[in-house]
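Asker: I have a structure here, written as structure tokens, and I will follow up with some questions on it.
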Amino acid sequence: MTTFNKYWTAGLLVLSSISLSVLVPGGPIETRSFSHINPIILGVFNTFLTTLGILSLLLVYFVLKQKRWAFIISVVCGLSYFLVYGLDLVGIFPVSPDYMPKALLSIEILGIVLSLPLMLLSGQSIFQSSQLSGETIFSNHESDVIAQPLVTGRRVVYAVAIVLLAASIITFATRSAMGI
């Protein structure tokens, strides 16, 4: 696996997460109304988007550590970004009666552009690592085993903080999209 791939993949994950996060409903860019969509559907969609953004940021550490599983998940994240932006751009979901602002259109196009090299570089890293080791992408590595306890006080605090942040984002985004 090349150093080039890990740093570019990490950078693309950060940029993708940032570009998604500026599109939170109620913010300066995503101003469309989705009050006609069931609040449960909006909540689930906002949960997915929030999870995607936070997961992308959390993956950066493991991509830089060159964990094979992190590159696999990075491919899935890249595909998710591509689908989220693509479905919105072609008017499949979410559909709003309001026009799409130019800034939103620009960021969604940028998001698609970022998703393509993210998938390519992540996939290339998976392929290169399996070529070097002669193993499949699902093989276990002793280096992937954590020597520390899985649950520590610090990790619990981080997990609670992340869950609270995510819940706040989801609540804000869903209420804003509903016009509440």
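Asker: If the only charges are +1 at each Lys and Arg Cβ and -1 at each Asp and Glu Cβ, what is the size of the charge dipole of the chain around the Cα centre, to the nearest 20 debye?
Answerer: 320 debye
Asker: On to the next question. Quick one: check the C-alpha center-to-center distance for region 161-180 versus region 31-65, whole angstrom.
Answerer: Centre-to-centre distance over Cα atoms comes out at 10 Å.
Asker: Can you give me the relative contact order of the chain as a percent, contacts being Cα pairs under 8 Å and 6 or more apart?
Answerer: 39 percent
Asker: Once neighbouring chains are kept in place and the probe is 1.4 Å, which whole percent of the accessible area of region 21-142 is contributed by carbon and sulfur?
Answerer: Ligands and nucleic acids excluded, carbon and sulfur reach 72 percent.
Asker: Here is a follow-up. Could you state the accessible area per residue of region 1-51 in Å², with a 1.4 Å probe and every protein chain left in place? Walk me through the numbers before you get to the answer.
Answerer: On the way: 2500 Å² over 51 residues.
Per residue, region 1-51 has 49 Å² of solvent-accessible surface.
Asker: So what does the Cα-only Debye profile of the chain read at q = 0.09, 0.10, 0.12 Å⁻¹, as log10 I(q)/I(0), no solvent term?
Answerer: For the requested q values the scattering log ratios are -0.37, -0.45, -0.63.
Asker: Please list the helices of the chain that count as membrane-span-like by this rule: a mean Kyte-Doolittle hydropathy of at least 1.6 together with Cα atoms stretching 20 Å or more along the helix axis, each helix being a complete DSSP H run.
Answerer: Qualifying helices, which must be both long enough and hydrophobic enough, are 39-64.
Asker: Once the piece of chain linking V22 and I162 is laid out straight, how much longer is it, given 0.36 nm per residue of separation minus the C-alpha distance between them?
Answerer: Gain in length upon complete extension: 48.6 nm.
Asker: Mind checking which lysines have their Cα closer than 16 Å to the Cα of K6? Skip sequence neighbours fewer than 8 apart in that chain.
Answerer: Once the sequence-local lysines are set aside, what remains near K6 is K65, K67.
Asker: Just from its helices, what would the mean residue ellipticity at 222 nm be for the chain, if runs of 4 or more DSSP H residues each count -39500 (n - 2.57) and the sum is divided by every residue, rounded to the nearest 500 deg cm²/dmol?
Answerer: It lands at -24500 deg cm²/dmol.
The values are calculated or read from the model by the stated rules, or taken from the named source; none is laboratory data. Model, not experiment: these values are computed from the prediction. Backbone-built Cβ (ideal geometry, glycine too); neighbour counts: all protein chains shown. These area figures cover heavy atoms from the full protein model, side chains too; ligands, DNA and RNA do not enter into them. Shrake-Rupley method; radii C 1.70, N 1.55, O 1.52, S 1.80 Å.
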